[in-house]
Structures are given as structure tokens and as C-alpha cells.
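Undergrad: First the structure, then my questions, so here it is.
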Amino acid sequence: KQPMKMSLPEATSHLMQHPWSADVKNALLKRFHLRGFRSNQLEAINATLAGKDAFVLMPTGGGKSLCYQLPSIVSSGRTRGVTIVISPLLSLMEDQVAHLRQLKIQAYNINSECSPDERKFIFDTLKDRKVDEYLQLLYVTPEMLSKSQAMINHLHKLHNIRRLARIVIDEAHCVSQWGHDFRPDYKALGDVRRQFPGVPVMALTATATENVKVDVIHNLGMQGCEVFNQSFNRPNLTYEVLPKGNAKTVLESIVEIVSEKYRGQSGIIYCLSRQKCEDIAKKLQEEYKVMAHHYHAGMVPQEKRQVQREWQEGKYKVIVATIAFGMGIDKADVRFVIHHTIPKSLEGYYQETGRAGRDGKKSGCFMFYGYQDTTALKHMIDKGDGDYQQKQRQHQMLRNVVQFCENRSDCRRVQVLAYFNEHFSRENCKGCCDNCNSTSTFETRDFTEYANAAMAMVEQMQRGESVTVHQCIDVFRGAKRLKNSDWQYLDGYGVGEDLDRGDVERLFYRLLMEDGLKEENKMNRAGFATAYVGVGPRKRDFKSGNRKLKIQVRITPNAKRMQ
Ligand code: ADP
Ligand code: ZN
């Protein structure tokens with residue numbers, strides 16, 4: 001198992017002694033405009049060019065596409081002609097084809113949405129012995145192969161003139177019942193494969209379980225294939241979640257990281273909004289003399305290119321960016337990544353933090369977490385694109401991030417890797433995350449009774465007037481200054497007076513996350529949108545005992561326990 005790292009062709013000479021090696025290097029530098037390979041890319045490329053089957057396991061963002069896109073333009077391998085790529089997502093295929101065309105690679109899509117003319121062009125070309133002059137990569141949906149005999153017939157013709165270079169199966173976990181995304185059309189690919197013996201197959205996935213791997217290799221008849229396994233662990237990265245206070249304290253913590261801990265070194269700060277990027281970059285520059293610059297999708301392309309270049313060259317040390325920044329960057333010495341706001345998913349977190357430490361040197365990942373940000377993120381999901389189901393999935397992904405942040409006892413590395421189905425034992429973290437380093441002990445306690453009292457209280461309160469979650473938290477804690485208000489007569493007043501303020505906040509935020517409570521934006525009297533709280537659809541499940549609410553609380557010697 002190796003960490004993801006860059007390796008220059010020169011540094012890996014034994015991998016560059018094949019008849020096709022000069023072409024591979026040329027394609028990398030001149031066509032893809034990249035300077036080196038990441039872990040296992042060159043190994044997988046060599047396997048397929050040698051005519052072998054290959055199974056490639058790589059994390060999302062690890063660079064799977066290069067493993068088959070690059071060989072598609074190399075004609076000095078054991079096989080030549082067209083690389084057929086089976087991929088389940090139309091939008092992804094279209095993006096890839098557009099990208100490849102920019103690189104002057106002849107790539108096409110064939111799917112149910114193709115016009116008759118396009119289809120005719122593709123089918124005619126597939127009969128031509130010079131096909132690889134006009135068509136190097138053909139993206140096909142699995143349905144197309146399992147349902148269209150015409151397509152299969154054309155592949156046979158292509159095979160007969162010895163121009164079927166290889167068959168690539170992207171998102172290969174779809175073949176397996178054990179995967180999270182099983183597709184019957186993918187299972188049928190095994191039959192397709194068996195019709196073309198001798199044609200090398202490459203299967204790629206980011207799903208790391210052993211079951212999936214065994215299934216894919218078996219179903220696709222890839223016995224004796226080369227397996228390129230890769231741990232998703234990034235041992236040189238440290239992970240830390242920091243409490244998000246007000247803007248001032250957050251900036252102070254950022255300055256501590258940027259100007260003290262990593263003084264003069266390169267890093268990225270991810271923010272949610274363009275405005276925030278500009279604000280923070282400006283403050284860092286003007287008040288703290290840090291060579292920082294913002295980067296976001298609102299900038300003109302020329303400015304973006306310039307900022308990116310000057311950062312690569314080290315003129316700017318710190319880039320304050322939205323997630324628009326990062327696609328295709330290959331700076332090796334990024335020493336820290338800071339999330340000013342939590343990302344939308346753990347996959348995003350892994351990818352964004354993964355931009356640190358590509359050179360293998362120790363680097364830090366810091367994430368500010370405050371519940372207030374989830375309101376904005378939830379709002380963005382509701383307002384954003386996607387149908388009901390997609391939005392449900394997005395909400396679930398966000399919940400996973402909040403759970404990750406709220407979890408103050410399990411090793412961060414164990415949690416991140418578990419998300420990718422990789423087992424990791426805590427001892428191997430060696431104190432490289434905040435939870436492993438923490439001297440506090442936490443205990444998981446059942447807060448369901450508190451939760452029920454809190455929801456009942458909110459229900460009563462919001463009958464009278466619109467209330468915010470912070471008002472509810474104060475009442476629940478029995479804040480002294482509310483002694484003279486009508487709220488002191490509520491059943492819920494002071495129920496949580498023995499608890500830590502942080503734990504009461506956590507209780508309310510968890511209820512919001514799990515739909516026991518819900519927030520709605522309304523205009524207040526001054527004309528600003530304020531989030532008001534009410535009871536949510538899951539209240540009943542907690543009340544009936546079907547759902548429990550457990551919270552990790554810090555154990556202190558004099559902690560009072562709930563009866
Ligand atoms: P995956 O399919 O594994 O999720 P991609 O193939 O989409 O990943 O690659 C993710 C990003 O990494 C892309 O922006 C790609 O350009 C970049 N990338 C891939 N290989 C390299 C490399 N050798 N050097 C620099 N960037 C690379
Ligand atoms: Zn740890």
C-alpha cells in the first residue's frame with residue numbers, strides 16, 4: 001500500500017523501459033500537459049499496453065481516467081485501435097469527451113441520445129482499418145451494449161480488423177451486488193467481455209471492499225489480471241476539527257496556522273462564498289502581511305489562470321478559494337488545507353484535504369465547524385439543482401459531515417477511511433488527528449428524554465411567537481435573564497440547567513439535523529431573513545422511542561448524570 005504521490009517518469013526508470021515508453025511520456029507531457037504520474041497510473045498504463053487485464057482501485061480524484069485515456073492515443077502497445085469505455089453517467093461522459101476534444105483527442109459518445117447522423121458516422125468509422133486516425137476513444141453506456149445488437153455487431157467488425165484496442169469499465173463496482181450502486185446492465189458486461197477474448201480489459205473503481213473486487217474480477221472474467229490496489233490513507237496528513245466561534249476568533253486561529261505554524265509555506269483556505277474568500281484574503285494581506293489571494297468562479301479566466309500560476313510558482317503562498325479551485329492543480333508542496341466552512345460531503349473533504357502533502361511531507365488539514373454553517377448549506381441544497389431524491393442524498397451526505405465533526409472520540413482517519421469502506425486501526429494513526437491526541441475522555445449518553453422535552457418546549461414556544469433556536473437553547477438552560485419573562489412558566493424551562501452549554505447546543509443542532517426540529521427562514525420586522533424554529537416530521541419517532549438521540553459528552557470529575 002502506498003500513499004498517493006507524484007512520480008516523474010525519470011524517477012521510475014524500470015517502468016519506462018517498454019517499447020511504448022517514449023510515446024507514453026510524450027503523450028503525458030504534450031497532450032495531457034501533465035508533469036508526472038500519480039501512484040499506479042503508469043503501472044496500469046503499462047499493463048494495458050502490454051495487453052494484460054487490469055483492475056484499478058483508486059480514490060475519487062485519484063486520477064483514474066488518465067489510466068485509459070492516455071493509452072488510447074498510444075499506438076505502440078500490443079494492441080491498437082479504439083478504446084471502448086463503458087461508463088454509467090451520461091453527463092460524466094459528455095464532460096470527459098468535451099475535455100478530451102480540447103486536448104485534440106478524438107473522443108466520441110454513443111448513447112440513446114445520439115442523432116442518427118452521429119451514429120452513422122461512428123458505425124461507419126468502426127469498419128475502417130484506419131479508424132484510429134478519426135476515433136480513439138468511444139464512450140458507451142452499458143445499456144447500449146446489453147440492448148443494442150447493432151452495437152455488438154460493430155464491435156465484432158472492429159475486432160475482426162484487429163482495431164479493438166481495449167475495453168474499459170469505469171465505475172466497475174456497478175457490476176457487483178455488493179457495491180452501493182449495482183446495475184443489472186453492468187452484470188451483463190461479463191457476457192460482452194467473453195465475446196472478445198484476447199482484448200485487454202481495464203476495470204476501475206473507487207469502492208474498496210474485497211467483496212466488490214472479487215465480484216468484478218469474477219463477473220468480467222478477468223482471471224490473472226493485474227490488480228492495482230491502493231490504500232486511501234494519507235499517512236502524512238494530520239486532521240483536526242476546530243470549533244467555529246465568531247469571525248474574529250476564526251480569523252485569529254487561521255492566522256495562527258498560516259503565520260506561525262506554517263509560516264511562509266503554501267496552503268489553501270476553502271470558503272463557501274466568493275465574498276468570504278475576498279474578505280479573508282484581503283485581511284490576511286493587509287493586516288497580517290501574508291501573501292494571499294482569493295480565487296473563485298466569479299473571476300475572469302485570465303485572472304484565474306494568473307493567480308493559479310503565481311501560486312504554483314510561490315509568489316502567493318495562500319489561496320483563499322471556493323471549491324472551484326483545485327481541479328487539475330498539481331502543486332506538490334501544499335503544507336496545509338483549511339476549511340473555513342465544512343464541505344458538503346466527506347468525499348469532498350477527502351478530495352480537498354487530499355490536495356495537501358502530495359510530496360509525502362507532513363501537512364495539516366484543519367476544519368472549522370460550527371452548527372450555524374449547516375443552515376446555510378441546507379438552504380443551498382434546497383435551493384439548488386436536483387430532484388427530491390438527489391436532495392435527500394445531499395442532505396444525508398451533509399449529515400455525515402456533521403456527524404464526523406461532532407464525533408470527538410473516534411480517530412478521524414478511521415472515520416474517513418471507513419467512509420470509503422477501508423478498515424484502519426486506530427493505533428496506526430499515531431496521534432495524527434485531534435481525537436487521537438485529545439486528553440479528554442468522552443462518553444456517549446442517551447439524550448432522548450432531553451430531546452423529547454426540548455421538542456415539546458419548542459412546540460409550545462412557537463405557538464406564541466416566532467422563536468430562534470438560540471432563544472430556545474436559553475430557555476431550556478433556564479437562563480437567569482429570562483426569569484422575568486413568560487417563558488419561565490414553560491415545562492421545558494431549565495430542564496437542561498445541569499448540562500454544559502455546548503451539550504445543550506449540540507442537542508438542539510442534532511435535532512435540527514435529524515428532523516426532530518426544523519428551521520424556516522422568515523422575514524423579521526427589520527426586513528432580514530431569520531431562521532425560526534419549529535417541530536419537525538421526526539418528532540413522533542423520538543416520542544415513540546423508535547429513535548434515540550445519543551450525544552458524546554466530555555467526562556469531567558464532577559459531571560452530573562441524568563437519572
Ligand atoms: P477519478 O476519475 O479517479 O475521480 P480523475 O481522473 O477525474 O479522477 O482525476 C482527478 C483530477 O486529477 C483531474 O483534475 C485530473 O486532471 C487530475 N490528474 C489526474 N492525473 C494527474 C497527474 N498525473 N498529474 C496531475 N493531475 C492529475
Ligand atoms: Zn487518529
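Undergrad: Filter K261/K283; K25/K213; K383/K518; K518/K543; K64/K344 down to the pairs with a C-alpha to C-alpha distance above 26 Å, please.
TA: Over 26 Å apart, Cα to Cα: K25/K213.
Undergrad: Under a cut-off of 26 Å between alpha-carbon atoms, report the lysines in cross-link reach of K483, not counting same-chain residues fewer than 8 places apart.
TA: K560
Undergrad: Looking at this model, which pairs from K248/K362; K52/K127; K282/K317 are more than 18 angstrom apart at the alpha-carbon?
TA: K248/K362; K52/K127
Undergrad: Pop out the Kirkwood hydrodynamic radius of region 413-563 from its pairwise C-alpha distances, inverse of mean 1/r, in Å to one decimal.
TA: Details: mean 1/r = 0.0575 Å⁻¹.
Taking every pair of different Cα atoms in region 413-563, averaging 1/r and inverting gives 17.4 Å.
Undergrad: If you don't mind, another one. Rounded, prolate or oblate: which fits region 283-334, taking a ≥ b ≥ c as square roots of the Cα gyration tensor eigenvalues, rounded meaning a/c under 1.5, else prolate when a/b beats b/c?
TA: Note, shape of region 283-334 comes out oblate.
Undergrad: Grab the other residues whose beta carbon is less than 11 angstrom from that of P142, score K and R as +1, D and E as -1, and report the net.
TA: Summing Lys and Arg as +1 and Asp and Glu as -1 gives -1.
Undergrad: Note down the nm distance, to one decimal, between modelled labels 7 Å out along Cα→Cβ at R78 and at F123.
TA: 3.3 nm
Undergrad: D500 to Q403: extension gain in nm, 0.36 nm per residue of separation minus the Cα-Cα distance?
TA: Fully extending the segment from D500 to Q403 adds 33.0 nm.
Undergrad: Run the numbers for N111 and N546: contour at 0.36 nm per residue of separation, minus the present Cα-Cα distance, in nm.
TA: Details: separation 435, 0.36 × 435 = 156.60 nm, distance 4.60 nm.
Extra length from N111 to N546 when fully extended: 152.0 nm.
Undergrad: Moving to a separate point now. Please work out the FRET efficiency for the pair S253 and K282, using the Cβ-Cβ distance as r and a Förster radius of 22 Å; give the result to the nearest 0.05.
TA: After rounding to 0.05, the efficiency reads 0.80.
Undergrad: To continue, here is another question. To the nearest 10 square angstrom, how much accessible area does H14 have with a 1.4 angstrom probe?
TA: My reading of the accessible area for H14 is about 130 Å².
Undergrad: Just how far, in whole angstrom, is region 143-207 from region 34-80 if you go by their alpha carbon centroids?
TA: Taking the Cα centre of each part, region 34-80 and region 143-207 sit 17 Å apart.
Undergrad: Return the whole-Å distance between the Cα centroid of region 445-501 and the Cα centroid of region 524-558.
TA: 11 Å
Undergrad: Let me ask something else about it. Angle, helix 274-288 long axis vs. longest principal axis of the chain, Cα atoms, 0 to 90°, nearest 10?
TA: The answer is roughly 80 degrees.
Undergrad: Where Rh is the Kirkwood radius over the Cα pairs of region 323-460, the temperature 4 °C and the viscosity 1.567 mPa s, what D in µm²/s does Stokes-Einstein return? Numbers along the way, then the final one.
TA: Values: Rh = 17.3 Å.
In µm²/s, the coefficient rounds to 75.
Undergrad: Let me ask something else about it. Once fully extended, how much extra length lies between R31 and E465, figured as 0.36 nm per residue of separation less the alpha-carbon to alpha-carbon distance? Walk me through the numbers before you get to the answer.
TA: Numbers: separation 434, 0.36 × 434 = 156.24 nm, distance 6.39 nm.
Once the chain is fully extended between R31 and E465, it gains 149.8 nm.
Undergrad: Just from its helices, what would the mean residue ellipticity at 222 nm be for the chain, if runs of 4 or more DSSP H residues each count -39500 (n - 2.57) and the sum is divided by every residue, rounded to the nearest 500 deg cm²/dmol?
TA: So the calculated ellipticity at 222 nm is -11000 deg cm²/dmol.
Undergrad: Computed FRET efficiency, Cβ-Cβ of V214 and L92, R0 35 Å: what is it to the nearest 0.05?
TA: 0.85
Undergrad: Suppose we keep just the alpha-carbon trace of region 223-375; what are its Rg and Dmax in angstrom?
TA: 15.8, 62
Undergrad: Along the Cα→Cβ direction, 7 angstrom out, place labels at S425 and Q17. What is the inter-label distance in nm?
TA: 3.8 nm
Undergrad: Cα convex hull of the chain: mean projected area in nm², to one decimal? Let's see the in-between values first.
TA: Details: hull surface 120.3 nm².
Mean shadow area of the hull around the Cα atoms is 30.1 nm².
Undergrad: Going 7 Å from the Cα of Q392 toward and past its Cβ, which residues in region 514-532 have a backbone nitrogen under 19 Å from where you end up?
TA: Of the residues in region 514-532, 514-518 have backbone N under 19 Å from the label point off Q392.
Undergrad: I've got another one for you. Distance from a point 7 Å along Cα→Cβ of E520 to each backbone N in region 461-504: keep the residues under 20 Å and list them by number.
TA: The answer is 461-473.
The values are calculated or read from the model by the stated rules, or taken from the named source; none is laboratory data. Values in this document were obtained by computation on a predicted structure and should not be read as measured data. Every residue, glycine among them, receives a Cβ derived from its backbone with ideal geometry; neighbour counts consider all protein chains shown. SASA here: full protein model, heavy atoms, side chains in, ligands and nucleic acids out. Shrake-Rupley method; radii C 1.70, N 1.55, O 1.52, S 1.80 Å.
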